[in-house]
Every structure is written in C-alpha cells, then in structure tokens.
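Encoded as structure tokens, the structure appears first; notes follow it.
The values are calculated or read from the model by the stated rules, or taken from the named source; none is laboratory data. Quick caveat, the model's predicted, so the values are computed rather than measured. No Cβ is skipped: glycine too gets one built from the backbone with ideal geometry, and neighbour counts run over all protein chains shown.
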Amino acid sequence: MKKCKYEHLIDGYLLDKLKPEDQAEFEEHYFICPHCFAKLDQQSEIVQILKKEGVLDQAGAAGQACIHARRRPSFWRRLLRRFGLGR
C-alpha cells in the first residue's frame, strides 16, 4: 500500500501531541483515507495495550523524538518488544 503524506501524524495524534490545527486537519483526512484509517485503528490498539499496562506515559515522551528516525524499528515496535508483546 502506498504511504500517505499524513501518515507521519498518526503517532502524534494518538499521543495527543499535535498542534490543534494539525489535529483538525488529520481528523478531516483519516476518515477518507483507507490507509490512515487502518493504520490509526491498528496503532490505537497498541495505545490501549500500553495504557492498560501502565507504560504509555513513560514511552510517550521518550519515544516522540525518534518516531520518524530512519533505519530503526518504529517507536511502537520497539515499545512492544520491550514489554514482550511484539516480535
């Protein structure tokens, strides 16, 4: 599936880190974009797991700077592995 130009906003949206104007723009977009809608749905499940495990607050601040780093596993994959929930 082709990457969407709004995809980079998903992590910030789920962690409530977007500026209000970016949040509004993303909210308008993801309902019409199957790629972003699916990715948001998938990652929101991860956020729910992390909230349930009580680790989201620690990870949200620490991982924000490296979400877009290249050649590293995504923030979500690293976090899931750290807590034994990922591959």
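Those residues that are within 21 Å of residue 56 (Cβ to Cβ) and either loosely packed, with under 14 Cβ neighbours inside 10 Å or in contact (Cβ under 8 Å) with a residue 40 or more places away in the chain (or both), I need them from region 17-38; list them, please.
Those that are within 21 Å of residue 56 (Cβ to Cβ) and either loosely packed, with under 14 Cβ neighbours inside 10 Å or in contact (Cβ under 8 Å) with a residue 40 or more places away in the chain (or both): 17, 19, 27.
Tell me yes or no: at least one residue of region 49-64 is crowded, with 17+ Cβ neighbours inside 10 Å and modelled with pLDDT of 70 or more.
Yes.
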